[in-house]
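Each reported figure results from applying straightforward, stated rules to the coordinates on display, with no laboratory input. Computed from a predicted structure; not experimentally measured. Cβ: placed from backbone, ideal geometry, glycine included. Neighbour counts: every protein chain shown.
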There are 2 protein chains.
Amino acid sequence: MLSDFHINPVSKSALDKAQAAIDIKTKPPGSLGRIEELARQICGVQNTLSPVAGPAKLLLFAADHGLVAEGVSAWPSEVTTQMVANFLGGGAAANVFARSNGVEISIIDAGIIGELGFHPDLIRANIRKGTANSMHEDAMSADELNQALEFGAALAKSAVENGNKVIALGEMGIGNTSSATLLAHAVHGMGIAELTGPGAGLDDAGVNQKIQILEKVMARKPGRLQPMDALQAYGGLEIAMMAGAIIGTASAGAIALVDGFIASAAAMCALAARPDATAYTVFAHRSKEPGHRLMMEAIGADPLIDLDLRLGEGTGALLAYPLLLNACAMINEMATFESAGVSGKET
Amino acid sequence: MLSDFHINPVSKSALDKAQAAIDIKTKPPGSLGRIEELARQICGVQNTLSPVAGPAKLLLFAADHGLVAEGVSAWPSEVTTQMVANFLGGGAAANVFARSNGVEISIIDAGIIGELGFHPDLIRANIRKGTANSMHEDAMSADELNQALEFGAALAKSAVENGNKVIALGEMGIGNTSSATLLAHAVHGMGIAELTGPGAGLDDAGVNQKIQILEKVMARKPGRLQPMDALQAYGGLEIAMMAGAIIGTASAGAIALVDGFIASAAAMCALAARPDATAYTVFAHRSKEPGHRLMMEAIGADPLIDLDLRLGEGTGALLAYPLLLNACAMINEMATFESAGVSGKET
């Protein structure tokens with residue numbers, strides 16, 4: 001059960017010790033900004049002054065969405081399976097950035113519609129062949145939700161036990177900006193129209209149509225929902241697995257590096273259910289999808305990079321990952337004022 | 001002479017070919033945002049569809065500032081020399097991030113006051129022991145300015161001829177936020193009070209005092225100045241060398257990766273004098289120093305990352321550098337829709 005994944009609070013004393021170690025490095029206090037914050041956070045999570053951010057693994061969850069039948073996406077559902085084949089072939093953006101930044105990838109079939117052969121890099125956890133159409137019924141049953149959450153948590157925990165210090169979360173699923181939008185609406189009460197954007201490429205008319213569809217979907221369950229109820233209602237399976245994976249990563253004592261809009265929706269649900277996971281979570285990048293800004297405000301998060309990305313697949317997490325390596329190198333390798341014989345500020 | 005460093009305009013056809021190659025990759029068009037822009041720019045500069053961003057070298061220029069005598073900095077001038085020793089010892093933030101991101105460093109004494117022994121990583125180009133105090137006279141003579149510009153250009157050109165594809169520009173010089181502020185004022189007409197910030201650590205009273213001092217300095221040469229006249233008036237030697245290095249890098253056909261506030265002041269002068277260098281220049285990060293935002297607006301630049309950094313030394317350039325590697329990997333390694341058998345958008 002997900003409740004078996006206990007999360008230890010990060011100790012304030014570990015954070016304070018890290019800050020003290022950072023403040024004697026040869027630089028004006030605070031002058032490395034977010035890099036200092038990252039270093040402090042990783043030290044806190046690892047309860048050490050010698051933090052490490054590698055090896056790292058990207059868990060890339062893919063699944064399909066029944067709501068696509070209503071016309072919420074510019075792309076057909078078959079693209080989900082085709083892109084998973086592309087991931088397995090090594091030719092997608094996620095593969096390229098993973099190689100470029102030294103991150104291993106596992107690809108998880110959380111519920112795609114298409115069929116794929118066996119492949120050593122493919123983890124088969126197809127809970128159902130795409131979610132149900134949430135216009136008419138819950139995207140998944142309570143049992144399916146629990147399976148997805150628990151599998152995600154167990155997978156992340158296993159990756160940490162195998163030595164990974166950072167677990168990056170990414171996804172692929174035609175239609176999943178709709179799920180993310182509905183989740184943000186249901187969990188935090190934001191308006192559908194403010195949240196909705198072009199996803200993977202709708203034009204203005206398409207965005208308006210998407211808003212109308214999503215407003216109809218949410219009318220089936222008006223008002224705020226508990227995060228797990230929202231996940232069951234709106235899916236997707238890949239989002240539920242990512243939510244579980246964030247809890248599993250935190251439970252195992254590693255950093256969860258969250259990609260853009262969809263992965264942040266998973267984090268939103270995970271952190272609402274398990275606030276202690278917040279200290280273990282790093283939001284990698286600010287997505288161009290308009291709802292992401294609102295979601296980050298609701299969570300109180302400030303993503304590391306902002307490069308107008310709107311691809312998903314974990315690409316933003318992979319591009320931000322070197323910053324974690326640099327943050328650890330900073331605290332491990334920089335000289336102190338004393339060791340380097342550098343004078344202090346004039347007072 | 002600096003005018004010997006001819007800059008070839010980047011061809012629109014090379015940029016268009018790069019864009020076409022990016023648009024058939026397996027991702028929604030434009031969904032990799034700034035990474036696509038970077039890839040296009042590097043392709044254009046190298047006139048290729050197989051761009052490379054490595055090896056890269058950081059040129060780290062250090063010099064002292066006569067204006068420090070007026071009380072513009074929270075730190076004494078001797079820290080410049082001490083920090084150069086720290087660079088040579090490998091313990092500064094720039095060293096750590098350079099190692100972490102696979103970038104080589106050359107440290108250039110462009111005009112520090114202190115004495116340093118010989119060191120294999122130290123390039124000795126001490127034009128004078130610190131600039132003159134610009135409160136009373138020009139920071140340097142026309143001849144010294146030309147020496148600094150030409151040496152910077154020649155050094156960068158040589159680094160490119162030795163195989164480097166990216167030249168990162170960084171600096172160290174107690175007092176140099178004052179020079180950068182005065183340059184932005186003189187070249188673009190921005191107000192001293194809007195531009196001035198804490199530099200390496202002034203408190204509010206210190207910032208107010210700095211504003212008063214800088215307003216007195218600029219009163220000696222009221223009105224707008226040509227960029228090279230401004231450099232001569234306000235320095236510093238490290239800024240002039242960086243300006244030359246940007247022109248030399250562009251002339252040699254490589255990417256100039258510009259660090260924060262001070263390096264951007266150098267770029268502002270270089271690009272005002274030689275607009276063709278703009279296509280070769282990448283602004284790495286948005287500094288926390290308030291004047292940097294104004295400077296970027298004046299140049300029309302949008303830096304890649306924004307991590308509340310205010311250290312200098314090239315640290316922001318080094319942290320942004322992996323994005324250039326990723327941009328090249330994207331165009332070199334990603335599959336196309338056709339090669340991967342992925343369906344297009346529904347129309």
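With bins 10 Å wide beginning at 0, the percent of Cα pairs of the protein assembly as shown falling in each bin runs 3, 16, 25, 23, 17, 11, 5, 1.
Ascending distances from the A:Arg99 label point to its copies in the other chains, with the point 7 Å along the Cα-to-beta-carbon line: 2.9 nm. The three principal axes of the C-alpha atoms in segment B:245-347 carry coordinate ranges of 48, 32, 28 Å, sorted with the longest axis first. Among the residues of B:307-315, the average count of other protein chain beta-carbon atoms within 10 Å of the residue beta-carbon is 6.
Of all beta-carbon atoms in chain B, the one sitting closest to the axis that brings chain B onto chain A gives B:Pro322, 2, with the distance in whole angstrom.
Based on alpha-carbon positions alone, could you give the equivalent ellipsoid semi-axes of segment A:1-116 from the gyration tensor, as √(5λ), descending, whole Å?
Working: eigenvalues 319, 68, 40 Å².
In descending order, the three semi-axes are 40, 18, 14 Å.
Working from Cα pairs under 8 Å separated by at least six residues, relative contact order for segment B:14-173 is 30 percent. Per residue of peptide A:330-342, the mean number of Cβ atoms on other chains within 10 Å of the residue Cβ is 5. Placing +1 on each Lys and Arg Cβ and -1 on each Asp and Glu Cβ, with no other charges, gives chain A a dipole about its Cα centre of roughly 520 debye.
Phi-derived couplings, Karplus 6.51 cos²θ - 1.76 cosθ + 1.60 at θ = phi - 60°, listed residue by residue for segment B:33-39: x, 4, 5, 5, 4, 4, 4 Hz, with x used for Gly and Pro. Each of A:Leu202, A:Leu32 was scored by other Cβ atoms within 10 Å of its Cβ. Listed from fewest to most, they are A:Leu202, A:Leu32. Converting phi to 3J(HN,Hα) with the Karplus coefficients 6.51, -1.76 and 1.60 and the offset θ = phi - 60°, segment B:192-206 yields 4, 5, 5, 7, 7, x, x, x, 7, x, 6, 7, 4, 4, x Hz in sequence order, with x at every glycine or proline.
Its alpha carbons give chain B an Rg and a Dmax of 20.2, 70 Å. Each Lys and Arg adds +1 at its Cβ and each Asp and Glu adds -1 at its Cβ; summed about the Cα centre, the protein assembly as shown shows a dipole of about 40 debye. Considering only B:Met334, B:Met296, B:Met218, the Gaussian network model of chain B with Cα springs below 10 Å gives its largest mean-square fluctuation to B:Met334.
For the residues A:Ala205, A:Ala85, A:Ala159, a GNM of chain A with alpha-carbon springs under 10 Å puts the largest fluctuation on A:Ala205.
Largest GNM mean-square fluctuation among B:Met140, B:Met330, B:Met241, using chain B with Cα springs under 10 Å: B:Met330. In segment A:183-333, the C-alpha radius of gyration followed by the widest Cα-Cα span (Dmax) gives 15.8, 56 angstrom. Quotient of the Cα radius of gyration of segment B:31-77 and 2.2 N^0.38 Å, N being its number of residues: 2.08.
Close lysine pairs were tallied over chain B: pairs 8 or more places apart or on different chains with Cα atoms under 16 Å apart number 6.
Here the simple spin-label model places points 7 Å from the Cα toward Cβ, and for B:Gln226 and A:Ala20 these points are separated by 5.8 nm.
Label-point distances for B:Pro76 to the equivalent site in the other copies, using a point 7 angstrom along Cα→C-beta, read 7.5 nm when ranked shortest first. Sorted largest first, the principal axis extents computed over the alpha-carbon atoms of segment A:49-141 equal 52, 32, 26 Å.
Taking Lys and Arg as +1 and Asp and Glu as -1, the other residues whose beta-carbon sits under 12 Å from that of A:Gln232 total -4.
When only Cα pairs below 8 angstrom with a gap of at least 6 residues are kept, segment A:56-324 shows a relative contact order of 25 percent. Couplings 3J(HN,Hα) for segment A:2-9, derived from phi with the Karplus relation 6.51 cos²θ - 1.76 cosθ + 1.60 (θ = phi - 60°), are 4, 5, 6, 8, 6, 10, 6, x Hz, where x marks Gly and Pro. Each of B:Cys43, B:Cys269 was scored by other Cβ atoms within 10 Å of its Cβ. Listed from fewest to most, they are B:Cys43, B:Cys269. Charge tally around A:Ser11: other residues with Cβ under 15 Å, Lys/Arg +1 each, Asp/Glu -1 each, net +1.
Just add up the charged neighbours of A:Glu137: K/R +1, D/E -1, any other residue whose Cβ is under 15 Å from the Cβ of A:Glu137. Once all neighbours under 15 Å are counted, the net charge is -1.
Annotation for segment B:1-78 versus segment A:149-178: alpha-carbon center distance of 35 Å.
Here the residues A:His185, A:His119, ranked from fewest to most Cβ neighbours within 10 Å of their Cβ, fall in the order A:His119, A:His185. When shorter helices are ignored and each DSSP H run of at least 4 residues is given -39500 (n - 2.57), the per-residue value for chain B at 222 nm works out to -15000 deg cm²/dmol. The relative contact order of segment A:2-66, computed from alpha carbon pairs under 8 Å that lie at least 6 residues apart in sequence, is 35 percent.
In this simple spin-label model, placing a label point 7 Å from the Cα along the Cα-to-Cβ direction at both A:Asn8 and A:Ile123 gives a separation of 2.3 nm.
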